[in-house]
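Engineer: Shown below is the structure under consideration.
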Amino acid sequence: MADYRMLGFWWDVAQAGGLAVVAAYTWLANRSKANRAAIDRVDGRVGEMAGRLERLEQRADTAPTHSDLSVLHERITELSGAVRELTGVMQQLRRAVDRVETYLLEKGGE
C-alpha cells in the first residue's frame, strides 16, 4: 500500500520547487525588462550626444584658425595706429580752430 503522507510530502516539495522556479523566472524576466528599458534610455542619450558632437565638430570646422586670428590681430594693430595718428591730427586741427576763433573774437569787435 502506498504511503500517502510521504507522497503528499514529495508533492508539496515538488510544488514548492516549481513555485521557486517560476518565481526565479519571473524575477529574471522583470529584471531583463528593466535592464532593457535602462539600456534603451542610455542608447537614446548616446544618440542625442552623438548629434550634439557632430554639430560641434561642424562648428569647429568653420571656426577661425590660429593664422586667421593672427591676421586679424595684425589688422587691428594697424587700425589702432591709424586711429592714434588721426587723434593727433584732430588735436592739432582743434588747436588751430581755437586760435582762429580766439583771433576772430578779439579782432571781431574792431
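Engineer: Please list the radius of gyration and Dmax for region 55-110, considering alpha-carbon atoms only, with Å as the unit.
Structural biologist: 23.8, 77
Engineer: Along its three principal axes, how long is the chain when you only count alpha carbons? Whole Å, largest extent first please.
Structural biologist: 154, 37, 13
Engineer: Also, I was wondering about something else. What distance in nm separates the two pseudo spin-label positions at residue 41 and residue 101, each 7 Å out from Cα along the beta-carbon direction?
Structural biologist: Going from the residue 41 label point to the residue 101 one covers 7.4 nm.
Engineer: Output ³J(HN,Hα) for region 20-34: one whole-Hz value per residue in order, computed from phi by the Karplus curve 6.51 cos²θ - 1.76 cosθ + 1.60 with θ = phi - 60°, and x for Gly and Pro.
Structural biologist: My calculation for region 20-34 gives 5, 5, 5, 4, 5, 5, 4, 4, 5, 5, 5, 5, 4, 5, 5 Hz in order.
Engineer: Next question. Kindly provide log₁₀ I(q)/I(0) values, in the same order as q = 0.12, 0.20, 0.26, 0.29 Å⁻¹, from the Debye equation applied to equal alpha-carbon scatterers of region 1-63.
Structural biologist: After summing over all Cα pairs, the log10 values are -0.59, -0.84, -0.98, -1.05.
Here, each number is a calculation from the coordinates, and none is a lab measurement. None of the values given here were measured: they were computed from a predicted structure. Cβ sites come from the backbone with ideal geometry, for glycine too, and all protein chains shown count toward neighbours.
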